[in-house]
Amino acid sequence: MYSVPKLKSFTEAALDKAVEKLLAALKEEASAIKTEAEWKTFRDRWMARKNGVLTEINDLWLKAAPKEAKREVGQRVNQLKALVEEAVAKAEDLPAHGSAADSPKAATDSLDVTLPGNRRPLGSEHPVIKTMHEIVSVFRNLGYSVEEGPVIETDYYNFEALNFPPNHPARDTQDTLFISNQESKPQRERLLLRTHTSPVQIRTMEKMKPPVRIVIPGKVHRNDPPDASHSPMFHQVEGLAVDTNITFCDLKGTLDHAMKVLFGSSVKTSFRPSFFPFTEPSAEMMVSCFICGGSGKRGSEPCRPCKQTGWIEILGCGMVDPNVYGFVDYDPKKVSGFAFGMGADRIAILKYGVDDIQLFFNGDVRFLEQFG
Ligand SMILES: [Zn+2]
């Protein structure tokens, strides 16, 4: 088989002879091709960037040529390059190698434009994300800005700065997934999967002076075994407003307005006392059931989403505990504020009448495309 010789002389006659030999080999090899595999071998032998014949003539002829012969050799090498490329392209079309359908070129030549095109289905927002966007947009329209934070948090931001002291029993209400092998670190530096979006309240107040009006959408994790209403991963939307003279009336008015936008202008809201370490006083807010209109019945059937009470528990809220301001260098004598948080997955379940939270996360397109 032909291999590129080193040139002893770079005279025109010597070059002629070398080129002639090379072209003869090219012609012979091209005419021997019968299959597509052979054509590929042929193409690679002549054109491969590494060790291909063209690369070798470049190295052995052009680079080795003395200065006065460079121009002449360069022109010949360029001509050879064009000839080799032409021969390779031509060999691909040879009817000799296999059936027409085997040839990549034949396949494109016989493109049937009457065939239906490839369908590329359009995606749509996931129902939980869609619900989060709806909640966020209600507060954006009230002048709130959006803040986000890390899902892997430190104990300090997830608990301590939110007024959950170490070993406080309130920590037990949020069954936490800790990152392993951190026993050597001080407790406040240990990493965990955030159990709520509230750490972003602290992170925002650290970098921003009042007035603060933010809404925080995000993913959170708790060590809850999955069932129809629990998932170890779920979504919250949380809000925080801190300014001078903010009262519980502002909290009630803001949230009442938000619920009417989200669930319809006829819903009523109701508050009952609750406990969260980072708010004081704290409350749970209920909305009148927007499925049965507050009657507790759907026709003669009991209304399941509100458990026949006519009310649905929708979020937790309260006035920011003055202790929290101590962690972010705010003066609790000068500022006050409120915070609230709701589960986006739960609201999506209620809104769309879904009976199992797992359906949102097991990725079945047949389920998800109903919300497109
Ligand atoms: Zn109901």
Where does the chain land at 222 nm, in deg cm²/dmol rounded to the nearest 500, when only DSSP H runs of n ≥ 4 count, each adding -39500 (n - 2.57), divided by all residues? -10500 deg cm²/dmol
Which distance in Å, rounded to a whole number, links the C-alpha centroids of the range 17-87 and the range 252-307? 81 Å
Applied in sequence order to the range 53-63, the curve 6.51 cos²θ - 1.76 cosθ + 1.60 (Karplus, θ = phi - 60°) yields integer Hz couplings, x standing for Gly and Pro, of 4, 4, 5, 5, 5, 5, 6, 7, 9, 5, 5
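How do 2-10, 202-210 rank on mean C-beta neighbours within 10 Å, highest first?
Working: 2-10: 13.0, 202-210: 16.3.
With the highest mean Cβ count within 10 Å placed first, the list reads 202-210, 2-10.
Please report THR154, THR173, THR55 as a ranked list, fewest other C-beta atoms within 10 angstrom at the top and most at the bottom.
Ascending Cβ contact count within 10 Å gives the list THR173, THR55, THR154.
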Would you look at the GNM of the chain, springs on alpha carbons closer than 10 Å, and say which of VAL261, VAL212, VAL53 moves the most? VAL53
Between ARG272 and ASP329, with labels modelled 7 Å along Cα→Cβ, what's the label distance in nm to one decimal, could you check? 4.2 nm
Taking only Cα atoms and a 10 Å spring cutoff, compute GNM fluctuations for the chain and point out the largest among GLU92, GLU148, GLU134. GLU92
By the rule of no other cysteine beta carbon under 4.7 Å, the lone cysteines of the chain are CYS249, CYS317
P(r) of the chain over all Cα-Cα pairs, binned every 10 Å from zero, in whole percent: 4, 17, 19, 12, 6, 6, 11, 13, 8, 3, 0
For the range 139-292, just the Cα atoms, rotate onto the principal axes and tell me the three extents in Å, largest first. 54, 42, 26
Rounded to the nearest 0.05, what FRET efficiency is calculated for ALA228 and LYS81 with R0 set to 41 Å and r the Cβ-Cβ distance? 0.05
Given R₀ = 25 Å, what would the calculated FRET efficiency be for GLU12 paired with ASN51, taking r from the Cβ atoms and rounding to 0.05? 0.35
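Using a Förster distance of 41 Å, how high is the FRET efficiency between MET1 and ARG71, based on the Cβ-Cβ distance and rounded to 0.05? Before the final figure, lay out each step's value.
Details: r = 31 Å, r/R0 = 0.75.
It comes to 0.85.
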If the elastic network links every pair of Cα atoms under 10 Å, which of LEU191, LEU262, LEU115 fluctuates the most in the Gaussian network model of the chain? LEU115
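Computed from the coordinates by the stated procedures, all read-outs in this text should not be read as laboratory data. Quick caveat: nothing in here was measured; it's all calculated off a predicted structure. FYI the Cβ positions are ideal-geometry reconstructions off the backbone, even for glycines, and counts take in every protein chain you see.
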